1. Could you check how many residues of the stretch 127-148 are surrounded by 17 or more Cβ atoms within 10 Å (Cβ to Cβ), farther than 16 Å from Asp241 by Cα and small (Gly, Ala, Ser)?
2. Which one of the conditions (1) without any contact (Cβ under 8 Å) to a residue 60 or more places away in the chain; (2) more than 23 Å from Cys92 (Cα to Cα); (3) hydrophobic (A, V, I, L, M, F, W, C) does Leu187 fail to meet, given that it meets all the rest?
3. Restricting to the stretch 89-122, what's the tally of residues that are surrounded by 14 or more Cβ atoms within 10 Å (Cβ to Cβ), among the aliphatic types (A, V, I, L, M) and under 28 Å from Ala146 (Cα atoms)?
4. Quick check: is even one residue across the stretch 190-203 free of Cβ contacts under 8 Å to residues at least 60 places away in the same chain and β-branched (Val, Ile, Thr)?
5. Within the stretch 220-239, is even one residue over 30 Å from Gly48 (Cβ atoms), touching a His at 6+ places or on another chain (Cβ under 7 Å) and not aromatic (Phe, Trp, Tyr)?
6. Kindly state which helices (runs of 4 or more DSSP H) lie completely within the stretch 151-249 and contain at least 1 residues that are at pLDDT 95 or above.
7. Taking interchain pairs and intrachain pairs at least six residues apart, which have beta carbon atoms under 7 angstrom, with the first residue in the stretch 168-181 and within 17 Å of Ser6 (Cα to Cα) and the second of a type outside the set (A, V, I, L, M, F, W, C) and not in a loop (DSSP other than H, G, I, E, B)?
8. Among the residues in the stretch 179-187, are any surrounded by 13 or more Cβ atoms within 10 Å (Cβ to Cβ), within 30 Å of Ala127 (Cβ to Cβ) and basic (Lys, Arg)?
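The values are calculated or read from the model by the stated rules, or taken from the named source; none is laboratory data. No experiment lies behind these values; they were computed from the predicted model shown. Positions of Cβ are backbone-derived with ideal geometry, glycine not excepted, and every protein chain shown enters the neighbour counts.
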Amino acid sequence: MQFPESWLREFCNPPINTEQLAETLTMAGLEVEELQPVAPPFSNVVIGEIKSAEQHPNADRLRVCQVDVGQAALLNIVCGAPNARVGIRIPCAMVGAELPPGEDGKPFLIKVGKLRGVESQGMLCSAKELKIADDHGGLLELPLDAPLGQSVRTYLNLDDTLFTLKLTPNLAHCLSVYGIAREVSALTGTPLKAPVFKALTAQVPDKLPVKVTATDLCGRFSGRVVKGVNPKAQTPAWMVDRLARCGQR
């Protein structure tokens, strides 16, 4: 059973740190098998927007971008990503930023440099370069309403911890985040915040005939006809991220 600590704390937020929470669960029989950070350490990476993207005068595969990071002046950054284009919001590593360590174990320090004769005042990042995903197909594109200049770690809630529990068969009620939150509430005396679901009035008059033949096994059956579902609709980014942090790909 894997889940992000932040999701658990939405339902029950005891005044203890991550390690104390893990110890509390383990001592109650919900063995915490592993604690893992959502993202490795990196700093000074903020949200930026590409305002212009011109062809590099000396390189076919490079673009010279003007990037707005919420400061008075735009940053001149050379980028080779295939999806670098005007209007997208992306992670921008500022001069002085430290990106996740490479094979040598040392953080990658961002400095002012020149790429094929053009000064670059930072670096535009992919998810793989930040080591938060394996996708290296281009820059990590953020929602267009992402606030310029805000830390990417804060915006994507990367200062989070993944809990992996080793559950025994008698703890099936803990195969959900809410189930674990109920246990934490009982263990710590912290109030439980129950999810609230707004009841929706049925809009479709259609009915399907259902006959319960095993009344001793099914005391009640209920359902609802749903129409107009768009199977091509894009899953919201927050939902994709939350499922990924639970180990669902």
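1. Counting residues in the stretch 127-148 that are surrounded by 17 or more Cβ atoms within 10 Å (Cβ to Cβ), farther than 16 Å from Asp241 by Cα and small (Gly, Ala, Ser) gives 1.
2. (1)
3. Kept after step one, since they are surrounded by 14 or more Cβ atoms within 10 Å (Cβ to Cβ), are these residues of the stretch 89-122: 89-95, 97-101, 107-108, 110, 115, 118, 120-122.
If we keep only those that are among the aliphatic types (A, V, I, L, M) too, we end up with 90, 93-95, 97, 99, 110, 115, 118.
From what's left, under 28 Å from Ala146 (Cα atoms): 90, 93-95, 97, 99, 110.
Here the count works out to 7.
4. yes
5. Taking the stretch 220-239 and keeping what is over 30 Å from Gly48 (Cβ atoms), we get 220-232.
Remaining after also requiring touching a His at 6+ places or on another chain (Cβ under 7 Å): none.
No, there is no match, as no residue in the stretch 220-239 is over 30 Å from Gly48 (Cβ atoms), touching a His at 6+ places or on another chain (Cβ under 7 Å) and not aromatic (Phe, Trp, Tyr).
6. Values: elements: 152-155, 177-188, 237-245.
Hits in the stretch 151-249: 152-155, 177-188.
7. Cys174/Glu183; Gly179/His173
8. Of the stretch 179-187, the ones surrounded by 13 or more Cβ atoms within 10 Å (Cβ to Cβ) are 179-185, 187.
Going one step further and asking which of them are within 30 Å of Ala127 (Cβ to Cβ), we end up with 180-181.
After this cut, where a residue has to be basic (Lys, Arg) as well, the list is none.
There is no residue in the stretch 179-187 that is surrounded by 13 or more Cβ atoms within 10 Å (Cβ to Cβ), within 30 Å of Ala127 (Cβ to Cβ) and basic (Lys, Arg).
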